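Encoded as structure tokens, the structure appears first; notes follow it.
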Amino acid sequence: QDSQFWVSPTVRTIETAMLLSHNNKIKVVDILGPRVFPHRKGKMNICDQICSNYNDKNISTINLLNNKHPNDLKHQSFIKEFQHFIKKYIKDDENNVIITHDGVIATLLEQYKNIKLKRDENNDLMLNNEIFQFTKSEILE
């Protein structure tokens, strides 16, 4: 109930957070936006368009990327910005819910868990119903 929600700035992730948050504050963070995995620059899906208007008093915004899109960052730059976000805003390892996209999750799994996901015949990343958790210290090592 006292969870802090950190969310990608897309309509579908914000709507998901609103359903799960039970009126807790939601922080929309640009670094959590959609990212292609394996990384390549390219056109994003229509459902991954960045939303900038939030008509809800429980939603606030954190802009770390100076209006850049997370997919514009090369791998190491993305990791550096993500670590900055974790260090500055995540206070502990409990009660934090991050709602983001498969490409961001795959990038983090590869970087911090040495797990490289592959895409199936539908171009979906395969997680095999596994649940992964990250600690703040693990991200900042």
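The values are calculated or read from the model by the stated rules, or taken from the named source; none is laboratory data. None of these values were measured; they are calculated from a predicted model. We place every Cβ from the backbone using ideal geometry, glycine too, and count neighbours over all the protein chains shown. Quick note on the areas: whole protein, heavy atoms, side chains included, nothing else; ligands and nucleic acids left out. Shrake-Rupley method; radii C 1.70, N 1.55, O 1.52, S 1.80 Å.
Its DSSP H runs of at least 4 residues, each contributing -39,500 (n - 2.57), put the calculated 222 nm mean residue ellipticity of the chain at -9000 deg cm²/dmol, to the nearest 500. The alpha carbons of segment 83-130 occupy a box of 39, 18, 15 Å along the principal axes, longest dimension given first. The chymotrypsin sites (Phe, Trp or Tyr not before Pro) of segment 74-122 include none that meets both criteria, a DSSP state outside H, G, I, E and B (loop) and at most 16 other C-beta atoms within 10 angstrom of the site's C-beta. With a simple spin-label model that places each label point 7 Å from the Cα along the Cα-to-Cβ direction, the separation between C51 and V11 comes to 0.8 nm.
Take every pair of alpha-carbon atoms less than 8 Å apart whose residues are at least six positions apart; their mean separation over the length of the chain yields a relative contact order of 29 percent. In this structure, the amide hydrogen of I59, modeled 1.01 Å from its nitrogen in the peptide plane, lies closer than 5 angstrom to those of I26, counting only residues at least 5 positions away or on a different chain.
Taking amide hydrogens as modeled 1.01 Å from N in the peptide plane, which residues meet the under 5 Å criterion relative to T10, leaving out close sequence neighbours? Sorted by chain and number, the residues that satisfy this are C51. The alpha carbons of the chain occupy a box of 39, 34, 31 Å along the principal axes, longest dimension given first. Sorting the segments 22-30, 65-73 by their residues' average number of neighbouring beta-carbon atoms within 10 angstrom, most packed first, yields 22-30, 65-73. Using only Cα coordinates, the Kirkwood hydrodynamic radius of segment 52-126 works out to 14.6 Å. Note on the chain: with neighbouring protein chains present and a 1.4 Å probe, carbon and sulfur make up 46 percent of its accessible heavy-atom surface.
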